[in-house]
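A quick write-up on the structure given underneath.
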Amino acid sequence: MPTAPLDIQWLGREPHGVTWQRQRDLLIAIRDGLAPDTLLVVEHDPIITLGRKKNANTNVHGSCNVPVQAIERGGDATYHGPGQIVAYPLLRLQTHERDLHAYLRRLEGWLITLLDTYAITAHRHPQLTGVWVGSSKIASVGIAVSHWVTYHGLALNVSTDLQAFRMLNPCGLDATVMTSLNHITDHNHVLDDVVDRLIQLAPAALQRQSPHLCTQSKQTNSPTT
């Protein structure tokens, strides 16, 4: 198992563009050996991002009233917004880790384990990436890799306004397929608690050393959490 250290930063509420630039700066620093593997955890303002899948923009409806941004990750169109935890692992993959399908399954397994701590049985879909509860999708996964350093990652709906997904066909699917932790449990889970559990499980899931947590960034400005 890799013994590389992992720096974890809970950024609270931050615009997507700011975090996107953080990722690009860290990608270069990790590639050049100037920064450790890093996990960024964040809650974004409303935005739709478009992955590299051809014609991903056609899955955004004309009535969309939030910013739309094309980015480097694989996959289709997806929504980020308040009440959703987004995690971006930036990891220098060692030679034995360079199976990207296996890496995607690790990210999905991380979320499946997290949801199990809430007594929710989640699973993978045989044809699609992401994490599902029954026939509903609770989390999306999309990654990019440059010089064998990973970036982008996953998004877990906690208290996300599910109506926001009606602005698009998320990952090419009907918006009604999307669900959230609060919707499934009929309970108002606090975002910080879910973040804490995600972080506790991160070293084992990402196969890295116990993390150094950037506690000074551990705050959220979101009135919805």
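Overview of values
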read-out	value
Segment 19-63, residues that are over 21 Å from Leu206 (Cα atoms) and aliphatic (A, V, I, L, M)	Ile47, Ile48, Leu50, Ala56, Val60
Residue check, Thr121 touching a Leu at 6+ places or on another chain (Cβ under 6 Å) and of a type in the set (S, T, N, Q)	no
Identity of the residue in segment 183-207, in contact (Cβ under 8 Å) with a residue 40 or more places away in the chain and over 25 Å from Tyr103 (Cα atoms), that ends up nearest to the chain's Cα centre (by Cα)	Leu191
Residue match in segment 137-155 (condition: farther than 16 Å from Glu108 by Cα, assigned to a loop (DSSP other than H, G, I, E, B) and in contact with a Leu (Cβ under 9 Å, 6 or more places away or on another chain))	yes
Restricting segment 177-206 to residues that are outside any helix (DSSP H, G or I) and either modelled with pLDDT under 95 or among the charged types (D, E, K, R) (or both), the residue that is surrounded by the fewest Cβ atoms within 10 Å (Cβ to Cβ)	Asp186
Test: residue in segment 61-70 that is buried (at least 16 other Cβ atoms within 10 Å of the Cβ), farther than 16 Å from Ala164 by Cα and within 17 Å of the chain's Cα centre (by Cα)	no
Residue that is surrounded by 15 or more Cβ atoms within 10 Å (Cβ to Cβ), modelled with pLDDT of 95 or more and touching a Cys at 6+ places or on another chain (Cβ under 7 Å), where the choices are Thr19, Thr49, Thr78, Thr38	Thr78
Considering residues of segment 72-122 that are of a type in the set (Asp, Glu) and in contact (Cβ under 8 Å) with a residue 24 or more places away in the chain only, the residue nearest to Leu154 (Cα to Cα)	Glu108
Subset of segment 1-31 [of a type in the set (Ser, Thr, Tyr) and in a helix (DSSP H, G or I)]	Thr19
Candidates Leu93, Leu111, Leu115, Leu107 - the one that is among the hydrophobic types (A, V, I, L, M, F, W, C), surrounded by 20 or more Cβ atoms within 10 Å (Cβ to Cβ) and within 14 Å of Tyr151 (Cβ to Cβ)	Leu107
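The values are calculated or read from the model by the stated rules, or taken from the named source; none is laboratory data. Predicted model, so just to flag it, every value in this text is computed and none were measured. Note that each Cβ is placed from the backbone with ideal geometry, even for glycine, and that neighbours are counted across all protein chains shown.
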